[in-house]
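Quick notes on the structure that follows.
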Amino acid sequence: MVELDKFIKIFEGLTSAYGQTVKTDQFSEKGKHKTKSFTISNPVTKKLWREHLEGKDPALGIVPINKENKCKWGCIDIDSYAGFDHKQLINKIQKLNLPLIVFRSKSGGAHVFLFTSDYVSAALMQDKL
């Protein structure tokens, strides 16, 4: 449970609502699984977090912006799938000494995260990203 709590702390955000994404049976021309996403106005629970980390559908989407319009993290979603070179992106980020972390997305693109130790305005986070 400690690891779950650490993960929740890293991805702090809005606690009164969350997004969910459900896969359909269809694929786009680019080969990406088509999905339907929506927002649920209910509290985010540890059960939702646990199921998300176990890979269970529907996927959980934490809203990074809290009620005070502040956040501790933000993400750029790179929707490039066929042959995307993650290593090249990581090398460029390292060369520029940017405080970013790259994760491969389920569809083969990339999620590029920026984390802060304290809350910052959502506008500042968006500007920096």
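The values are calculated or read from the model by the stated rules, or taken from the named source; none is laboratory data. Bear in mind the structure is a predicted one, so any value in this text is a computation, not a measurement. Note that each Cβ is placed from the backbone with ideal geometry, even for glycine, and that neighbours are counted across all protein chains shown. Side chains are part of the model used for accessible areas, which takes the heavy atoms of the whole protein and leaves out ligands, DNA and RNA. Shrake-Rupley method; radii C 1.70, N 1.55, O 1.52, S 1.80 Å.
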* Asked: Given that just one value was derived from the coordinates, which of [x] 49, 39, 31; [y] 40, 38, 29; [z] 40, 38, 25 is Cα extents along the principal axes in Å?
  -> [y]
* Spacing of the two label points (7 Å from each Cα toward its C-beta) at GLU54 and ILE40, in nm -> 1.4 nm
* Can you tell which of GLY74, GLY108, GLY13 shows the greatest fluctuation in a Gaussian network model of the chain with Cα springs below 10 Å? -> GLY108
* **Of all accessible heavy-atom area on the chain, the percent that carbon and sulfur account for (1.4 Å)** => 54 percent
* Asked: Which longest uninterrupted range of the chain lacks any GluC sites (Glu not before Pro) assigned by DSSP to a loop state (not H, G, I, E or B) and surrounded by at most 12 other Cβ atoms within 10 Å?
  -> 69-129
* the range 42-122: chymotrypsin sites (Phe, Trp or Tyr not before Pro) in DSSP loop, at most 15 other beta carbons within 10 Å -> TYR81
* **Approximate spin-label separation GLU12-ASN66, in nm, with each point projected 7 Å along Cα-to-Cβ** => 0.5 nm
* Asked: At a Förster distance of 22 Å, what's the computed FRET efficiency of ASP77 paired with ALA122, Cβ-Cβ distance as r, to 0.05?
  -> 0.85
